[in-house]
Amino acid sequence: MPKFQDLTGLHFGRLTVLERAENGSHGRTRWRCLCVCGNECFTTSARLKSGDTQSCGCLKKEIMRSGKAKIMSKSSKGHRTHGLTNSRLYGIWNGMKQRCSNPNRNRYKHYGGRGIKVCEEWEKSFETFRAWALANGYAEDLSIDRIDCDGNYCPENCRWATIKEQQNNRRNNKRLEVT
């Protein structure tokens with residue numbers, strides 16, 4: 001078990017640790033902190049030390065208001081935020097990754113279970129996926145479609161399609177040729 005470290009009086013970003021607080025629901029050590037803006041907040045040792053918590057929330061609000069929220073470094077570990085986590089496009093990207101890599105998802109058997117993967121550049125970076133999507137016709141009424149149903153999610157095999165186009169591009173469709 002790691003040795004307890006008293007953080008009282010230490011500074012982390014905009015926060016000064018005032019005192020130890022009651023442990024959190026998972027037994028983690030929590031601290032009462034004072035932010036430079038005057039607000040108090042509670043957070044864990046791990047979030048303070050990693051840089052994940054640097055203020056009471058005022059820093060994020062300032063960055064969002066200033067328009068500099070495109071990419072913001074949060075810590076020395078390379079965590080980033082783009083301000084689009086709640087966007088439809090982020091949901092599409094995350095869903096695509098989950099279908100292909102998370103065996104606990106109900107649609108995994110139709111994607112990752114069949115060997116379908118997300119290309120490395122998209123897997124690692126929402127920003128890269130977003131740039132491709134915007135350059136290739138993304139619109140709110142379209143969804144991502146793999147041209148080859150057995151192929152991977154990658155720029156060469158994906159497009160933005162309507163529901164009708166997607167219904168015509170399914171594995172269980174039968175193609176008939178009239179001669």
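The values are calculated or read from the model by the stated rules, or taken from the named source; none is laboratory data. Only a predicted model underlies this, so the values are computations on that prediction, with no experimental measurement involved. Please note: Cβ atoms are built from the backbone with ideal geometry, for glycine as well, and neighbour counts cover all protein chains shown.
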**Search result, residues across segment 1-49 that are exposed (fewer than 15 other Cβ atoms within 10 Å of the Cβ), touching a Ser or Thr at 6+ places or on another chain (Cβ under 8 Å) and over 26 Å from Glu62 (Cα atoms)** = Phe4, Gln5, Glu19, Asn23, Gly24, Arg28
**Prompt:** Condition test on Tyr108, is it aromatic (Phe, Trp, Tyr) and free of Cβ contacts under 8 Å to residues at least 24 places away in the same chain?
**Reply:** yes
**Message:** Take Glu156 and tell me if it is acidic (Asp, Glu), surrounded by 11 or more Cβ atoms within 10 Å (Cβ to Cβ) and in a helix (DSSP H, G or I).
**Reply:** no
**Item:** Unmet requirement for Gly112, which otherwise passes all of (1) in contact with a Pro (Cβ under 8 Å, 6 or more places away or on another chain); (2) under 30 Å from Met64 (Cα atoms)
**Value:** (2)
**Request:** Kindly indicate which of Arg114, Arg107 is within 30 Å of Glu140 (Cα to Cα), surrounded by 12 or more Cβ atoms within 10 Å (Cβ to Cβ), at pLDDT below 90 and in the same structural domain as Arg146 (by TED's automatic domain parsing).
**Result:** Arg107
**Message:** With the structure loaded, tell me whether Ile92 is in a loop (DSSP other than H, G, I, E, B) and modelled with pLDDT of 85 or more or whether it fails that test.
**Reply:** no
**Item:** Matching residues in segment 30-47 - criterion: being of a type in the set (Phe, Trp, Tyr) and in contact (Cβ under 8 Å) with a residue 24 or more places away in the chain
**Value:** Trp31
**Request:** Please work out which residue is surrounded by the fewest Cβ atoms within 10 Å (Cβ to Cβ), limiting yourself to segment 137-153 and to residues that are under 19 Å from Gly112 (Cβ atoms) and among the small types (Gly, Ala, Ser).
**Result:** Gly151
**Message:** Contact list please: Cβ distance under 9 Å, first residue in segment 7-29 and modelled with pLDDT under 85, second residue assigned to a loop (DSSP other than H, G, I, E, B) and of a type outside the set (A, V, I, L, M), pairs at least six apart or on different chains.
**Reply:** Asn23/Thr29
**Request:** Would you tally the residues in segment 95-130 being in a loop (DSSP other than H, G, I, E, B) and within 10 Å of the chain's Cα centre (by Cα)?
**Result:** 1
**Prompt:** Looking at (1) surrounded by 15 or more Cβ atoms within 10 Å (Cβ to Cβ); (2) outside any loop (DSSP other than H, G, I, E, B), which is the only condition Leu134 fails?
**Reply:** (1)
